[in-house]
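Shown next, in structure tokens, is the structure this report addresses.
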Amino acid sequence: LDGTYYNTSLIRTENSPSTWTEPRCESCSPGEYATQNVTAINECFKCMPGTYQPSFRSNGCLSCRAGEFQTEFGKEYCEPCSEGGYCNASSKLDGGFTPCPPGTFNDKLGQS
């Protein structure tokens, strides 16, 4: 199922009926995803830098919006670009931060 991974660590035994009621498919956490096209085994796939996923049981990640960035894997949000400039690359370490040219300014977060 989309948004779930197949848990192979569950052990099912004949003498313990409760082990047969535990689900093998477990939901992905925020910052992770899984699809039916590629089976996730024992863990979901982490969202790549430049993307995020705020929800449980997702089948994909969302791209950071203009003025935001994310440099780490498996995150549930993007960071806003700093004041004093703008961002133009959502997956670079600093979001592709470019300072304002001389004689100009930006006093707002999240500008692109």
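The values are calculated or read from the model by the stated rules, or taken from the named source; none is laboratory data. Treat the numbers as computed from the prediction; the structure is a model and nothing was measured. No Cβ is skipped: glycine too gets one built from the backbone with ideal geometry, and neighbour counts run over all protein chains shown. For accessibility, only protein heavy atoms count, side chains too; no ligands or nucleic acids. Shrake-Rupley method; radii C 1.70, N 1.55, O 1.52, S 1.80 Å.
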For residues in segment 30-54 being open to solvent by 70 Å² or more (accessible area, probe 1.4 Å) and under 8 Å from the mean Cα position of the chain (by Cα), which is modelled with the highest pLDDT?
LYS46
Matching residues in segment 63-112 (among the hydroxyl-bearing types (Ser, Thr, Tyr) and outside any loop (DSSP other than H, G, I, E, B)) number 3
Give the residues of segment 41-74 that are of a type in the set (Asp, Glu) and closer than 14 Å to PRO30 by Cα, sorted by residue number.
GLU43, GLU72
Pick from ARG12, ARG24, ARG57: which is surrounded by 13 or more Cβ atoms within 10 Å (Cβ to Cβ) and of a type in the set (Lys, Arg)?
ARG57
Qualifying positions in segment 53-74 - in contact with a Gly (Cβ under 7 Å, 6 or more places away or on another chain) and closer than 19 Å to THR35 by Cβ
GLN53, ARG57, SER58, ASN59, SER63, GLY74
I need the full set of residues from segment 3-31 which are of a type in the set (S, T, N, Q), part of a loop (DSSP other than H, G, I, E, B) and over 30 Å from LEU62 (Cβ atoms), in order please.
ASN15, THR21
